[in-house]
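Engineer: The following block contains the structure, expressed as structure tokens.
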Amino acid sequence: MTVWTPLPPERNGIADYAHGLLGGLDGHYDCRAACDDWLARAPEGVALVDPALAHRGAGPRVLHQIGNNPGHGFVLRGLRRMPGVTTLHDPGLLYLYETTGEPAAAIDAGMAAALPGLAAVYGRHRREEGLQSRANHLLFDLAGEVLARSRAVVVHSRFARNRLRLAHGPAATAHVAVIPHFMPPGQMPSRGAARARLGLEQGEFLVLTAGFATAAKRFDWLIAALDMALAHGARLRWIHAGAERAEEYALGAAIAERPAVAAIARVTGYCEETVLDDHIAAADVLVNLRFPSSGESSGSLARAFAAGTCCIVSETGAYAELPRDAVLQLPLTGTPRILGETLRALAAAPDRAAGIGALGRRFALAEMALPAVAARYREVIEESLDRPVAGTALPDPPPLLVLEAGAGLRPAQVAAMLAGRQGRCRLLLAMPDLPGLAALTLDRPALLRGLLPASADLLAMRVQRTPRPGLLLDLQLGWPA
Amino acid sequence: MSGGGVLACLLREALPALRLLDLGLPAAPLLGWWPGALCGIADPARLAPAEAALLGRFRQGAHGGAWGGPQGMPIFGLDPAADAALLATLESEAALLLALDGVPPPALARLLEAGALLLRHGRTEGLPPPPGPERGRIMLLVGTLARIERWDLLLPPDAVAPVFTRLQDAAHGLAAQLGGGRAWQVGGRLVTGGLASLGMLAIGAERAPSLRLPGATLWHDLPAAPAAGIEAGEGLRLGAARQVRLLLGGMPARQAWLRLRLRGLSPTRMPALFLDGLRLQTQWRADDEGSVVIEAPARMQAGQASLVGLALPAEAPAGAVLLSLEFAA
């Protein structure tokens, strides 16, 4: 079986997930991993293969691991050539499409497929004004292509499946299966040993957050809650075991605004897997808030279950499906106050946190063990083998249009040449010779920006010497602006 | 098609001014033994989309255009605009050889009408003649006594006799270099003025000439076409790239040593070597000229062009130069 996926040392949770899953699937299949980092770390016995050559010698069993960031662009392209089962870790995918050079028309079409009415407005803002908001990423999922090209789709929660079903309809999502996230297969470190390695006192109450610091993880709520708990005398410490992305959420600045919180807080930066495990095992509480949620799952939550660490989550999305005795679920209204009171109470009685953590571990052992998850994957893969997928043939070469260009080339001439066309095409701005082309581009800075209509996306261009000299443009045409 | 190496060596020796367009992809059995050769696909419609996407990545090395053609050409048959540019250039080529397995595509009709030589895999008697002037034929038999490959070289009738003589001389010379009469059976005859046959067959195990290609002649998928400057010599400058694929063409399906000679590496950040997408167990050593040799035992696959991959660690210094690639028993 060929598994298309990022792998460590790539710093994302899906790479860690895939590394663990490959270990579990190895008992069922002879696995190889197609990864665009040729020097990535695969589990022992799993060969790494260059994705560009993965089609050679491939069997019918293919698994893709797709998440919503540019590190999965090669997986999306692989899915188009080698359809198989796809694990959709995040039904969003708009960010993936935007950051991997997918044509604007394809993004527009994907947005329209999910929410036709809203897509007309948001799509126009995006095309004409370059306007993008966080709402785009919440509203439009762009999972349509993955659903159509996959023999089966795996998601980690009923929430994610229902969300897909609402957006794409029952027929397009009939092959979506729910397989829960698995617990990391290795033994988590003991609390005492982890604290000793991290230099933490055995008795202090540790609140932990983990992963990339994004706005949706609601650090604003947590910081307010900690400030409140400290003001009421709670004695605790907060560590964020993860990296700050200031452009997404300025965590350090937010902490600095609350001196009491700043005094007990530390941000570690990105943690390797073993260091992350130490932090999770050392913690009394893992706080994993989310709003808004698009149904994503959390690897750090699975690690906390494995370690028996008490988890506090938002009662939304996939987290709302967790049993109420296995985690503490906080409502989305009034979260800072409730979280502050909860942390103060648990810090005063750490055994209560430990008790909830033990119940969480018991739940995870029953529902999230890697062998059970791998066996479920096998069922889905085998059942899907004969399911047809949308066509994957490469399109014909785009048509070539030739426009006799000269010093007086005007936008209206280009617009007339492109009028009525949609999709890919190539446009040759033919010149008598290359010095003429050089003179034209020197005389008219930003030549193409002025010439091309708003509905035309420039995918590539090159200077052509033969058979006719000129500037050859590779264009993607949307509908008229 | 394991005799491609021998065939290429004979033709290059006998006809040194000849330029090759090997249309034998996805195998391209002559390409690796013909530095600077162009390559392409006679029937791209039969290519699987994933294989077409793979081959579409490659560009000819910086020295590939040294004979006057466009530099950085993509593989023929995958991009109509680039194909048109290449054909326009080749029409003025005095001595051109088209090698393929099957019927020449219509796009090549003008080249054939202009007198390009044709090297076809398999028998050509009884098949419709290619467009253009009347052609004579030299049957070429390569491979081993147990597994003979037949190629037909179609060329002007009055060239058959002199070319046959040069090919026969080349075959005897090559056989002498590669083990002599105990290892090779060489023979041939001029049947008529326009028909000849020549065989150079290995006795026992398959044999192939060693191969050493300057880096600048290699087909690669670096993002930008690198120039071969004075400082790079015959090398391929890797620039800031962390990984590169090299298209070798069809290689004999047997165990061999794959060696890459590079300059500008850090001894603590050695690259990894790949064959057909899979990592090889490599070793490295410094040579006397200040460069580093990365080598690995490798088994080539039959029936498809071999691809070598080179991956540098993220911390490795930029600006390494691939000086040469060697394929040796």
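Engineer: Give the carbon-plus-sulfur fraction of the accessible surface of segment A:400-477 in %, rounded to a whole number; probe 1.4 Å, heavy atoms of protein chains only.
Structural biologist: 58 percent
Engineer: Report the semi-axes of the equivalent ellipsoid for the protein assembly as shown in whole Å, largest first, where each axis is √(5λ) for an eigenvalue λ of the Cα gyration tensor.
Structural biologist: They are 58, 32, 24 Å, listed largest first.
Engineer: If you don't mind, there's one more thing I want to ask. Using the Cα atoms as the points, what is the convex hull volume per residue of chain A in Å³?
Structural biologist: Each residue corresponds to 171 Å³ of Cα convex hull volume.
Engineer: Once A and B are treated as a pair rather than alone, how much accessible area drops out, both sides summed, in Å² to 100, probe 1.4 Å?
Structural biologist: Summing both chains' loss of accessible area gives about 2100 Å².
Engineer: With each label point set 7 Å from Cα along the Cα-Cβ vector, what nm distance links residue B:95 and residue A:329?
Structural biologist: For residue B:95 paired with residue A:329, the spin-label model returns 8.1 nm.
Engineer: Separate question: Roughly how many whole Å is it from the C-alpha centroid of segment A:121-191 to that of segment B:191-218?
Structural biologist: Here the answer is 56 Å between Cα centres.
Engineer: What residues qualify as long-range amide H neighbours of residue B:279, i.e. H under 5 Å apart, gap of 5 or more or another chain, H built at 1.01 Å from N?
Structural biologist: Hits under the 5 Å cutoff: A:48.
Engineer: Sequence gap at least 6, Cα distance under 8 Å: using those rules, report the relative contact order of segment A:191-368 to the nearest whole percent.
Structural biologist: Once divided by the residue count of segment A:191-368, the mean separation gives 26 percent.
Engineer: Kindly tabulate the residues in segment B:73-96 with an accessible-area decrease of at least 30 Å² between the chain alone and the assembly of all protein chains, using a probe of 1.4 Å.
Structural biologist: Buried-area filter returns B:80, B:81, B:85.
Engineer: Expressed as a whole number of Å, what is the distance separating the alpha-carbon centroids of segment A:257-278 and segment B:69-100?
Structural biologist: 60 Å
Engineer: For the pair residue B:113/residue A:385, report the inter-label distance in nm, with labels modelled 7 Å from Cα in the Cβ direction.
Structural biologist: 5.3 nm
Engineer: Just how large is the dipole of chain A about the Cα centre, in debye to the nearest 20, putting +1 at every Lys and Arg Cβ and -1 at every Asp and Glu Cβ?
Structural biologist: Around 540 debye, computed over chain A.
Engineer: Within segment A:425-450, which residues have the backbone N less than 12 Å from the label spot 7 Å out from residue A:416 along Cα→beta-carbon, could you tell me?
Structural biologist: Within reach of a label on residue A:416, which here means backbone N under 12 Å from a point 7 Å along Cα→Cβ, segment A:425-450 contributes nothing.
Engineer: Using alpha-carbon positions, what is the distance between the centroids of segment B:257-280 and segment B:137-184, in Å?
Structural biologist: 36 Å
Engineer: Could you state the accessible area per residue of segment A:191-368 in Å², with a 1.4 Å probe and every protein chain left in place?
Structural biologist: 40 Å²
Engineer: Continuing with the same structure: Starting from the 7 Å offset along Cα-to-Cβ, what nm value, one decimal, do you get for the label separation of residue B:326 and residue A:109?
Structural biologist: Modelled inter-label distance: 5.2 nm.
Engineer: Can you work out the accessible area per residue across segment A:1-141, with the rest of the protein chains kept in place, probe 1.4 Å, in square angstrom?
Structural biologist: I get 36 Å² per residue for this part.
Engineer: Related question: Considering the dipole of chain A built from charges on the beta carbon (Lys and Arg +1, Asp and Glu -1) around the Cα centre, which of A:73, A:408, A:148 is farthest to its positive end?
Structural biologist: Towards the positive end, the residue furthest out is A:408.
Engineer: Roughly how large, in nm² to one decimal, is the mean projection of the convex hull of the alpha-carbon atoms in segment B:211-328?
Structural biologist: Quarter of the Cα hull surface area: 6.8 nm².
Engineer: Classify segment B:121-226 from the C-alpha gyration tensor, please: rounded if a/c falls under 1.5, else prolate or oblate depending on whether a/b exceeds b/c.
Structural biologist: Oblate, since a/c reaches 1.5 and b/c is not below a/b.
Engineer: Sticking with this one: Could you run the Karplus curve 6.51 cos²θ - 1.76 cosθ + 1.60 with θ = phi - 60° over segment B:240-245 and give me ³J(HN,Hα) per residue in whole Hz, x for Gly and Pro?
Structural biologist: These are the phi-based 3J(HN,Hα) values: 8, 5, 9, 8, 9, 10 Hz.
Engineer: Sticking with this structure for a sec: Which FRET efficiency value, to the nearest 0.05, is calculated for residue A:187 and residue A:158 with the Förster distance at 25 angstrom and r the Cβ-Cβ distance?
Structural biologist: So the FRET efficiency works out to roughly 0.25.
Engineer: Would you kindly derive the ³J(HN,Hα) couplings of segment A:321-328 from the backbone phi angles with the Karplus curve 6.51 cos²θ - 1.76 cosθ + 1.60 (θ = phi - 60°), listing them in order in whole Hz, with x for Gly and Pro?
Structural biologist: For segment A:321-328, the Karplus-derived couplings read 7, 6, x, 5, 8, 9, 9, 9 Hz, x marking Gly and Pro.
Engineer: Determine the percent antiparallel among the DSSP beta bridges restricted to the protein assembly as shown, to the nearest 5.
Structural biologist: 60 percent
Engineer: Got a number for carbon plus sulfur as a percent of segment B:4-202's accessible area, 1.4 Å probe?
Structural biologist: 53 percent
Engineer: Could you provide, to the nearest whole Å², the per residue accessible area of segment A:400-477 with probe 1.4 Å?
Structural biologist: Spelled out: the 1.4 Å probe surface of segment A:400-477, per residue, equals 52 Å².
Engineer: If you don't mind, there's one more thing I want to ask. Picking from B:85, B:129, B:55, whose Cα lies most toward the positive end of the charge dipole for segment B:30-161 (charges on Cβ: Lys, Arg +1; Asp, Glu -1)?
Structural biologist: Farthest towards the positive end: B:55.
Engineer: Another question, if that's okay. So what are the radius of gyration and Dmax for the Cα set of segment A:143-260, in Å?
Structural biologist: Radius of gyration, then largest Cα-Cα span, for segment A:143-260: 20.3, 56 Å.
Engineer: Using a Förster radius of 51 Å, what is the FRET efficiency between residue B:182 and residue B:242 based on their Cβ-Cβ separation? Nearest 0.05, please.
Structural biologist: 0.60
Engineer: Does segment B:14-145 come out rounded, prolate or oblate by the C-alpha gyration tensor, with a ≥ b ≥ c the root eigenvalues, rounded set by a/c under 1.5 and, if not, prolate when a/b is larger than b/c and oblate if not?
Structural biologist: It is rounded, given that a/c, with a ≥ b ≥ c, falls under 1.5.
Engineer: How high is the relative contact order of chain A? Use alpha-carbon pairs under 8 Å, at least six apart in sequence, and give a whole percent.
Structural biologist: With pairs under 8 Å counted, the relative contact order is 13 percent.
Engineer: List, by residue number, every residue in segment A:56-80 with a reduction of 40 Å² or greater in accessible area between the chain on its own and the complete protein assembly, 1.4 Å probe.
Structural biologist: Buried by 40 Å² or more upon assembly, which counts only protein chains, are A:56.
Engineer: Just tell me, in residue order, which DSSP H segments of chain B are both 27 angstrom or longer along the helix axis (alpha-carbon based) and at least -1.0 in mean Kyte-Doolittle hydropathy.
Structural biologist: B:157-177
Engineer: Give a residue-ordered list of calculated ³J(HN,Hα) values for segment B:129-138 (Karplus: 6.51 cos²θ - 1.76 cosθ + 1.60, θ = phi - 60°; whole Hz; x for Gly, Pro).
Structural biologist: x, x, x, x, x, 4, 10, x, 9, 10
Engineer: Show me the three semi-axes of the equivalent ellipsoid for chain B, from the C-alpha gyration tensor (sqrt of 5 times each eigenvalue), largest first, rounded to whole Å.
Structural biologist: Value: 34, 24, 17 Å, ordered largest first.
Engineer: In segment A:321-390, carbon and sulfur make up what percent of the accessible area (probe 1.4 Å)?
Structural biologist: 54 percent
Engineer: Nearest 500 deg cm²/dmol is fine: what mean residue ellipticity at 222 nm does the protein assembly as shown get from its DSSP H runs of n ≥ 4 alone, each adding -39,500 (n - 2.57), divided by its residue count?
Structural biologist: Dividing the helical sum by the residues of the protein assembly as shown leaves -9000 deg cm²/dmol.
Engineer: Hey, another quick one. Given a Förster distance of 56 angstrom, what is the FRET efficiency for residue A:365 paired with residue A:434, based on the Cβ-Cβ distance and rounded to 0.05?
Structural biologist: 0.20
Engineer: Residues in segment A:99-124 near a label at residue A:320, defined as backbone nitrogen under 16 Å from the 7 Å Cα→Cβ point?
Structural biologist: Of the residues in segment A:99-124, none has backbone N under 16 Å from the label point off residue A:320.
Engineer: Also: Using unit Cβ charges (K, R positive; D, E negative) and no other charged atoms, how large, in debye to the nearest 20, is the dipole of segment A:244-313 about its Cα centre?
Structural biologist: 240 debye
Engineer: With +1 on each Lys and Arg Cβ and -1 on each Asp and Glu Cβ, and nothing else charged, work out how big the dipole of segment B:4-202 is about its Cα centre, in Debye to the nearest 20.
Structural biologist: Here segment B:4-202 has a charge dipole of around 460 debye.
Engineer: Given chain A, what percent of its DSSP beta bridges are antiparallel, to the nearest 5?
Structural biologist: Once the DSSP bridges in chain A are tallied, antiparallel ones form about 30 percent.
Engineer: Under 5 Å between amide H atoms, partner at least 5 residues away or on a different chain: which partners does residue A:311 have, H built in plane at 1.01 Å?
Structural biologist: A:286, A:328
The values are calculated or read from the model by the stated rules, or taken from the named source; none is laboratory data. Every value quoted in this text rests on a predicted model; they were computed, and no experiment measured them. A quick note on method: Cβ atoms are made from the backbone with ideal geometry, for glycine too, and the neighbour counts reach across all protein chains shown. With ligands, DNA and RNA removed, areas are computed over all heavy atoms of the protein, side chains included. Shrake-Rupley method; radii C 1.70, N 1.55, O 1.52, S 1.80 Å.
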